[in-house]
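Enquirer: One structure, pasted below without further comment.
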Amino acid sequence: MKSQPVRGMNDLLPGECEVWAHLEGIVRDVIESYGYREIRLPIIEQTELFRRSIGEVTDIVEKEMYTFVDRNGDSLTLRPEATAGMVRAGISNGLLHNQRQKLWTVGPMFRHEKPQKGRYRQFHQFDVEAMGYAGPDVDAELIIMCARLWKRLGLSRLTLEINSLGTPESRQGYREALVSYFSAVKNRLDEDSIRRLGQNPLRILDSKNPDLQGIIAAAPVMLDFLDAESAEHFAAVREFLDAAGVPYMVSPRLVRGLDYYTRTVFEWQTDALGAQGAVCSGGRYDGLVEKLGGRSTPAIGWAMGVERLVALYEVCGGKVEKRLPDVYVVAAGPGTTAAAFALAESLRDASPPIRPELNLGGGNFAAQLKRADRSGARYALIIGEDEVRTGRAAVKSLRSDEAQFDVPAGALVAELQKRLPGR
Ligand code: ATP
Ligand code: MG
């Protein structure tokens, strides 16, 4: 057996976890400042849920899902995205009966893609969903929320693309126009696109095949087929964004890779991460709740890739300091360990708490001081036999030439608080 993670799935090591936790704290804070509440869902759902919501003829469902049969013979799938589960949970828990819901979650998603920088088989998303909201105001607010987040995180080099996919009815006319356009150039399409031409011609627009980009660029655009209400909705979203000073580009070819979208779709892109430039994408899915068995409920949401967010944060110069211990407790001599424990606990009880690292595994005085130095702590607290007997502790600075001194255990917290400001 090779001791390696599954291809495309990453371990997050301590230094990385600190950055993740820092960013997650800020994202959570921003999302909740708009009234969204956290929800946590299973990572595995019935395969059928994803087939029905994402769509049979999509890259995710055709090629990328981790699907397996469990011991009962049920077909289950590791979630490739969060929206389907969010809607399922809204229905299963009766959250959408005569109420609106603003929900968010974060966690791992799974897609069997070709692993490369910024594209993994287990990756993480923040996911925000507003269910029961029909108007263009929430569309704009969800985008404005992202803009606020970029500002809070000090991120630059992000651009916003928006489009409208209309309603399923207005899309029918567009679908026909696409079929006739692509049929005329069928001999230049690839195998996937030819298959999709009959089943789901919109998906051709989402093709990543470079050879097709010319043909796709000249295809009819959905905006010419919008029904009056969708056009009005889209205009209102743009007006709100204009008023809020959030710049965007209308991108008529942005269709997104999932079938459930209606009306507004958007994508935040960066040029700072190479080929994997989509950082956050989303859109409206007014038909999905009903399709999955709930009462007709308009809804919209977005998903943000955490790996790409972290990468962009680092490209933009973001740093998170490692949290070092304030003091390292040296217990030198027989019978000093228990006293050192008690002292360390009393520091953790202090207000504000002082962060001690207790020497573990013994060692002579010199060895312990060496560890103290390596720990990054500002001070070593030395508990020897003398200190135990007299109820005192010796305090030695590890980062300056301040002279070593000793204090009664009862005065230690106050002495340290004076010397460790700004924690
Ligand atoms: P892409 O065009 O890069 O394949 P996507 O349109 O498939 O992205 P969505 O399904 O909209 O992505 O997911 C939302 C976000 O999740 C993306 O904007 C991206 O930041 C992130 N994401 C999607 N797939 C991956 C992946 N395999 N690895 C890392 N992050 C991903
Ligand atoms: Mg993708």
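The values are calculated or read from the model by the stated rules, or taken from the named source; none is laboratory data. Quantities reported herein were computed from a predicted structural model and do not represent experimental measurements. Don't worry about glycine lacking a Cβ; one is built from the backbone with ideal geometry, like all the others, and counts go over all protein chains shown.
Enquirer: Taking segment 372-395, which residues are of a type in the set (D, E, K, R), within 16 Å of Gly333 (Cβ to Cβ) and either part of a helix (DSSP H, G or I) or at pLDDT 95 or above (or both)?
Expert: Within segment 372-395, Glu385, Asp386, Glu387, Arg389 qualify.
Enquirer: With respect to Val329, determine if the residue is closer than 30 Å to Gly410 by Cα, part of a strand (DSSP E or B) and of a type in the set (Val, Ile, Thr). Break it down into steps so the answer makes sense when it comes.
Expert: On the way: closer than 30 Å to Gly410 by Cα: yes; part of a strand (DSSP E or B): yes; of a type in the set (Val, Ile, Thr): yes.
Against the criterion (closer than 30 Å to Gly410 by Cα, part of a strand (DSSP E or B) and of a type in the set (Val, Ile, Thr)), Val329 qualifies.
Enquirer: Continuing with the same structure: Does segment 57-86 hold any residues that are β-branched (Val, Ile, Thr) and part of a helix (DSSP H, G or I), and which are they? If you could, list the steps in order and put the result at the bottom.
Expert: The first filter runs over segment 57-86 and keeps only residues β-branched (Val, Ile, Thr), leaving 57-58, 60-61, 67, 69, 77, 83.
Selection gives Ile60, Val61, Thr83.
Enquirer: Considering each residue of segment 259-290, count those that are among the polar types (S, T, N, Q) and near ligand 1 (Cβ under 8 Å from one of its atoms), and give that number.
Expert: Pass one, segment 259-290, residues among the polar types (S, T, N, Q): 262, 264, 269-270, 276, 281.
Among the residues that remain, those that are also near ligand 1 (Cβ under 8 Å from one of its atoms) are: 276, 281.
Going through segment 259-290 one residue at a time, the tally reaches 2.
Enquirer: Kindly indicate the residue of segment 355-371 that is touching an Asp or Glu at 6+ places or on another chain (Cβ under 9 Å) and outside any strand (DSSP E or B) and also farthest from Val413 (Cα to Cα) among those meeting that condition.
Expert: Arg371
Enquirer: Among the numbered criteria (1) within 16 Å of Ile162 (Cβ to Cβ); (2) among the charged types (D, E, K, R); (3) outside any helix (DSSP H, G or I); (4) away from ligand 1 (no atom under 16 Å from the Cβ), which single criterion is violated by Glu239?
Expert: (3)
Enquirer: So which residues in segment 89-127 are in a helix (DSSP H, G or I) and either crowded, with 21+ Cβ neighbours inside 10 Å or not hydroxyl-bearing (Ser, Thr, Tyr) (or both)?
Expert: Result: Ala89, Gly90, Ile91.
Enquirer: While we're looking at this one, here's another question. What tally of residues in segment 34-56 results from selecting those that are away from ligand 1 (no atom under 15 Å from the Cβ), in a loop (DSSP other than H, G, I, E, B) and touching a helix residue (DSSP H, G or I) at 6+ places or on another chain (Cβ under 8 Å)?
Expert: Looking only at segment 34-56, we keep the residues that are away from ligand 1 (no atom under 15 Å from the Cβ), and these are 34-49, 51-52, 56.
Now drop any that are not in a loop (DSSP other than H, G, I, E, B), which leaves 34-36, 39-43, 56.
Narrowing the set further to residues that are touching a helix residue (DSSP H, G or I) at 6+ places or on another chain (Cβ under 8 Å) leaves 34, 39, 41-42, 56.
The number of residues fulfilling the criteria is 5.
Enquirer: Can you tell me which residue among Leu165, Leu158, Leu197, Leu212 is more than 16 Å from ligand 1 (Cβ to nearest atom) and in contact with a Ser or Thr (Cβ under 9 Å, 6 or more places away or on another chain)? Can you show your working first?
Expert: On the way: Leu165 fails: more than 16 Å from ligand 1 (Cβ to nearest atom); Leu158 fails: more than 16 Å from ligand 1 (Cβ to nearest atom); Leu212 fails: more than 16 Å from ligand 1 (Cβ to nearest atom).
Answer to the selection: Leu197.
Enquirer: OK, next. List the residue pairs whose Cβ atoms are under 8 Å apart, where the first residue sits in segment 245-264 and is closer than 20 Å to Arg111 by Cα, the second is more than 12 Å from ligand 1 (Cβ to nearest atom) and assigned to a strand (DSSP E or B), and the two are 6 or more positions apart or on different chains.
Expert: Sorted first by the residue in segment 245-264, then by its partner, the pairs are Val255/Asn163; Tyr261/Arg284.
Enquirer: Quick check on this structure: which one of Pro80, Pro115 is in contact (Cβ under 8 Å) with a residue 40 or more places away in the chain and within 16 Å of ligand 1 (Cβ to nearest atom)?
Expert: Numbers: Pro80 fails: in contact (Cβ under 8 Å) with a residue 40 or more places away in the chain.
The unique qualifying residue is Pro115.
Enquirer: Please pick out the residue among Ile162, Ile194 that is of a type in the set (A, V, I, L, M, F, W, C) and free of Cβ contacts under 8 Å to residues at least 12 places away in the same chain.
Expert: Working: Ile162 fails: free of Cβ contacts under 8 Å to residues at least 12 places away in the same chain.
Step by step, each of Ile162, Ile194 is checked, and only Ile194 is of a type in the set (A, V, I, L, M, F, W, C) and free of Cβ contacts under 8 Å to residues at least 12 places away in the same chain.
Enquirer: If Ser296 satisfies every condition in (1) surrounded by 16 or more Cβ atoms within 10 Å (Cβ to Cβ); (2) among the polar types (S, T, N, Q); (3) over 30 Å from Asp386 (Cβ atoms) but one, which is the exception?
Expert: (1)
Enquirer: Where residues in segment 297-321 are more than 8 Å from ligand 1 (Cβ to nearest atom) and of a type in the set (D, E, K, R), which of them is nearest to Met86 (Cα to Cα)?
Expert: Checking each candidate, the answer is Glu314.
Enquirer: Leu273 versus (1) under 19 Å from the mean Cα position of the chain (by Cα); (2) surrounded by fewer than 18 Cβ atoms within 10 Å (Cβ to Cβ); (3) aliphatic (A, V, I, L, M): which is the lone unmet condition?
Expert: It is condition (2) that Leu273 fails.
Enquirer: Has segment 84-97 got at least one residue that is modelled with pLDDT under 95 and either within 23 Å of Gly55 (Cα to Cα) or away from ligand 2 (no atom under 14 Å from the Cβ) (or both)?
Expert: Start the filter on segment 84-97 by keeping residues that are modelled with pLDDT under 95, which leaves 97.
Filter again for either within 23 Å of Gly55 (Cα to Cα) or away from ligand 2 (no atom under 14 Å from the Cβ) (or both), leaving 97.
The answer is yes; a qualifying residue exists.
Enquirer: Mind checking which pairs have a first residue in segment 60-74 that is under 10 Å from His112 (Cα atoms) and a second that is of a type in the set (Asp, Glu) and within 15 Å of ligand 2 (Cβ to nearest atom), Cβ under 8 Å, 6 or more apart or different chains?
Expert: So the pair list comes out as Ile60/Glu81; Glu64/Glu113.
Enquirer: Further question: Tell me, please, whether a residue that is in a loop (DSSP other than H, G, I, E, B) and surrounded by 15 or more Cβ atoms within 10 Å (Cβ to Cβ) can be found in segment 339-349. Give the steps one after another, and end with the answer.
Expert: Of segment 339-349, the ones in a loop (DSSP other than H, G, I, E, B) are none.
No: zero hits.
Enquirer: Is at least one residue of segment 7-26 assigned to a strand (DSSP E or B), farther than 30 Å from Ser207 by Cα and within 20 Å of the chain's Cα centre (by Cα)? I'd like the intermediate steps shown before the answer.
Expert: Just the residues of segment 7-26 that are assigned to a strand (DSSP E or B), to begin with: none.
There is no residue in segment 7-26 that is assigned to a strand (DSSP E or B), farther than 30 Å from Ser207 by Cα and within 20 Å of the chain's Cα centre (by Cα).
Enquirer: Taking segment 45-76 as the region of interest, how many residues are within 16 Å of ligand 2 (Cβ to nearest atom) and of a type outside the set (Gly, Ala, Ser)?
Expert: Total satisfying the criteria: 12.
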